Amino acid sequence: MAKERQEEKRRYTRIIFNEWNRVQALLFLSEQQDSAQEIPASVLNMSEGGMQVSIERKRFQEMRQGDTILLSHIRGGQGLEALRRLPMQIVWIMDNEYLEHVLLGMAFAVLSETQREILRSFVENRLSLAVETGKGEWMISS
C-alpha cells in the first residue's frame with residue numbers, strides 16, 4: 001500500500017540550511033548572559049515562527065519542553081543583527097543518547113513587527129537564491 005504524501009501544514013515559510021550556508025545561534029538558559037553559560041547551536045531551519053537547532057551533546061544542558069531560553073544573537077546571517085535577546089520557548093527536544101547532537105525545536109515567544117519583518121525578508125531573500133537540483137529538491141546557491 002503506497003503512502004500518501006501528507007501536505008505540509010506550516011504556518012510560516014521556512015528556510016532550511018545545509019552545512020555550507022548554516023548560521024549559528026548563541027543561546028543562554030536564563031536572562032543572565034554569562035559567557036560560561038553560552039550555548040552555541042547550529043541553526044538547521046528558521047522561519048518567523050521559530051527555529052530548529054542542533055547542539056553538541058557535550059554543550060547540551062538540562063532543558064525541558066516548555067522551558068524558555070534566551071536567543072542572544074545569530075552569527076552568519078546577514079541582516080539578522082536586530083534579533084538579539086529574544087526569549088524562545090522549547091517546543092520539542094530530540095535527544096537520542098547514541099547521537100553526538102541534540103535537536104531542539106524552538107518558537108519565538110515575543111517578536112516585534114519589525115523583527116517579524118526582518119525574519120520574513122531574510123527567508124524570502126534566501127529562497128530567491130534557491131535553485132532546483134533536478135531531483136525535485138531545492139538548494140540554496142551561495
Pair GLN89, SER30: separation of 7 Å Cα→Cβ label points (nm): 2.2
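As an exercise, take the mean of 1/r over every pair of distinct alpha carbons in the stretch 59-121, invert it, and state the Kirkwood radius in angstroms. Kindly include the intermediate steps, with their values, before the conclusion.
Details: mean 1/r = 0.0764 Å⁻¹.
It is 13.1 Å.
Between HIS73 and ASN18, take the C-beta separation as r, use R0 = 22 Å, and let me know the FRET efficiency to the nearest 0.05. Let's see the in-between values first.
Details: r = 22 Å, r/R0 = 0.98.
Computed FRET efficiency for HIS73 and ASN18: 0.55.
Each value in this text was obtained by applying a stated rule to the coordinates, not by laboratory testing. All of these numbers come straight from a predicted model, not from anything done at the bench. Note: ideal-geometry Cβ built from the backbone for every residue, glycine included; neighbour counts use all protein chains shown.
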